[in-house]
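Colleague: Here it is, the structure in full.
The values are calculated or read from the model by the stated rules, or taken from the named source; none is laboratory data. Small disclaimer: the values here were computed from a predicted structure and weren't measured. Note that we place each Cβ from the backbone using ideal geometry, even for glycine, and neighbour counts take in every protein chain shown. Just so you know, the surface numbers come from the protein's heavy atoms only, side chains and all, with ligands and any DNA or RNA stripped out. Shrake-Rupley method; radii C 1.70, N 1.55, O 1.52, S 1.80 Å.
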Amino acid sequence: SHDLMAIHPYPLEDPYSIYPHSLRNIDELCASIVRSHRETNQYRVEELQALRWKLFSREELQAYQSKSVDEMWQHCAIRLTDAVQYVVEFAKHIPGFRMLSQNDQIALLKTGSMEVVLVRMSRFFNTENNTVFFDGKFAGAEIFKSLACGDLITAVFDFAHDMCGLKLTEQQIALFSALVLINADRPCLEDRGRVQRVQRSVELGLTHILHRDNQDNLMHKLYQRMAVLRSLCSLHMEKLRWFSQRYPLTAHSLFPPLYKELFA
Ligand code: CLR
């Protein structure tokens, strides 16, 4: 579990108050989560908007589709791990996260990082043609054909489409991502009480932002999406187990260490 925490070492003190008691503290909490999201989200909305119609050609699509199962898995595992690293970076700047024990930080990332990647995917999704930004261009679900897990891909694309329908602002996405990550119900937590206190502060932040935006009704919908995320992630784990059984060598020696550490 050292790989994970060694990605970018940070000093241990946390400059933020983790238990917001006044409105001003809630504002500060929201501001730092939003800042952290902005600094780790890889692309700005405007940049993605500008790239929307950059699609793969038929030849490029065919090249992906004719990759072998293990080649395509390895390729996607690398892309996914890249995205996960940004989520780890995001997590470290959520006020209160770095005050949790290393064990609990890792436990939260093991179950939550993939879920946050899927929340973030909605920013990289074009609902007009159901494509996702992958490897520098927009791609439809068919590009993932050689992974041989069509049900997972379909479910992930449906989820992205559905999340886009909520039309969340960047601030709402930031707070929702933080709430997905800081979840006191995750397995294997040492100090559940402490995680719960951080969770409550993030919940308060999200409620505050939705109220300010006159969208209090969104809270209920976001909790529903959290249940869908859980099922998507267990499907991902199931597929990974299937793959590792069939291609133990690729899974063991060619997958990125962080991917193995978090999901294997
Ligand atoms: C999510 C948001 C990140 C950028 C990013 C990078 C890689 C993308 C990912 C996003 C969305 C999901 C994605 C992934 C690469 C492969 C994966 C398209 C856009 C698909 C769903 C295949 C999963 C295959 C596993 C079973 C290995 O900031």
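Colleague: Tell me whether the stretch 85-104 contains one or more residues that are touching a residue at least 24 places away in the same chain (Cβ under 8 Å), within 13 Å of the ligand (Cβ to nearest atom), open to solvent by 20 Å² or more (accessible area, probe 1.4 Å) and among the polar types (S, T, N, Q).
Modeller: yes
Okay, residues lined up against (1) among the hydroxyl-bearing types (S, T, Y); (2) more than 27 Å from I33 (Cβ to Cβ); (3) more than 12 Å from the ligand (Cβ to nearest atom); (4) open to solvent by 20 Å² or more (accessible area, probe 1.4 Å):
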{"residue": "V119", "(1), (2), (3), (4)": "no, no, no, no"}
{"residue": "A141", "(1), (2), (3), (4)": "no, yes, no, yes"}
{"residue": "S146", "(1), (2), (3), (4)": "yes, yes, no, no"}
{"residue": "C149", "(1), (2), (3), (4)": "no, yes, no, no"}
{"residue": "T154", "(1), (2), (3), (4)": "yes, yes, no, yes"}
{"residue": "A174", "(1), (2), (3), (4)": "no, no, yes, no"}
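Colleague: Right, next: So which residues in the stretch 201-219 are part of a helix (DSSP H, G or I) and either over 19 Å from I182 (Cβ atoms) or of a type in the set (D, E, K, R) (or both)?
Modeller: E203, H211, R212 - these are the residues of the stretch 201-219 that are part of a helix (DSSP H, G or I) and either over 19 Å from I182 (Cβ atoms) or of a type in the set (D, E, K, R) (or both).
Colleague: Quick check on my filter: what residues within the stretch 121-135 are open to solvent by less than 40 Å² (accessible area, probe 1.4 Å) and within 11 Å of the ligand (Cβ to nearest atom)?
Modeller: Result: M121, S122, R123, F124, F125, T131, V132, F133, F134.
Colleague: For residues in the stretch 220-250 being crowded, with 16+ Cβ neighbours inside 10 Å and free of Cβ contacts under 8 Å to residues at least 40 places away in the same chain, which is nearest to the ligand (Cβ to nearest atom)?
Modeller: It comes out as L240.
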